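**Student:** Have a look at the structure that comes next, please.
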Amino acid sequence: MEKIINCKMEDLEDYYGLLGCDESSTTEQIRAEYKVRALSCHPDKHPENHEAAREFQKLQQAKDILTDETKRRKYDYWLRSSITVPFSEWQSLSDTVKISMHWALKSKKEPMLTATKDMPEFQAGQSETQVPIEGISSDEELSSSGYWRYKFRCTSDTPSSVLKKFRNYQI
């Protein structure tokens, strides 16, 4: 209980940072990063260095959690929640206490570029402003920002009255 009360953000386990990879890294990438880092601090190479042994144990724990899909899903859930409870403590509590943090989660990091089938393809010499958009006549030109704003409605648009009431705890 003392670990939970006196925990700081700096004390929390960052397994992705420890291994030098990202949340979107594959299991193979995680294993490759682990091998590179484990070679530098393996206890057999540094038998008298206890700090290297502790670092190797942390790397081993990070690899074990991030290469197991179930454990990784739990770790990602904990990481996105941004609560100041060590992962080991949170994991032991989550088995006995049902934790609901749906309101606190950050969205999962998505790849920066994705190919979709519904995106119109550009023809040679055609600019973004010449891409046909359903519902807009072809003689109307949109700036590139206007096109994307039309295509993907921004969440910063004026919220509906129901959403305002919900945010103000009126419903």
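**Student:** For residues that are surrounded by fewer than 13 Cβ atoms within 10 Å (Cβ to Cβ), β-branched (Val, Ile, Thr) and modelled with pLDDT of 85 or more, tally how many sit in the range 1-38.
**Tutor:** Looking only at that region, the number is 2.
**Student:** Starting from residues that are farther than 19 Å from LEU18 by Cα, of a type in the set (Ser, Thr, Tyr) and loosely packed, with under 13 Cβ neighbours inside 10 Å, keep the ones in the range 63-107 and report whichever is modelled with the lowest pLDDT.
**Tutor:** SER100
**Student:** Would you point out the residue of the range 39-62, among those that are of a type outside the set (Phe, Trp, Tyr) and crowded, with 17+ Cβ neighbours inside 10 Å, that is modelled with the lowest pLDDT? Don't jump to the end; show me each part of the working.
**Tutor:** Within the range 39-62, the subset of a type outside the set (Phe, Trp, Tyr) is 39-55, 57-62.
Narrowing further to those that are crowded, with 17+ Cβ neighbours inside 10 Å: 41, 55, 59, 62.
Working: CYS41: 85, GLU55: 90, LEU59: 92, ALA62: 92.
Residue satisfying both the conditions and the ranking: CYS41.
**Student:** Kindly indicate whether PRO111 is modelled with pLDDT under 85, assigned to a loop (DSSP other than H, G, I, E, B), touching a Ser or Thr at 6+ places or on another chain (Cβ under 7 Å) and over 30 Å from PHE166 (Cβ atoms). Steps first, please.
**Tutor:** Working: modelled with pLDDT under 85: yes; assigned to a loop (DSSP other than H, G, I, E, B): yes; touching a Ser or Thr at 6+ places or on another chain (Cβ under 7 Å): yes; over 30 Å from PHE166 (Cβ atoms): yes.
So PRO111 fits the description; yes.
The values are calculated or read from the model by the stated rules, or taken from the named source; none is laboratory data. Note that this is a predicted model, so its numbers are computed, not measured. In this analysis, Cβ positions are derived from the backbone assuming ideal geometry, glycine residues included, and neighbour counts consider all displayed protein chains.
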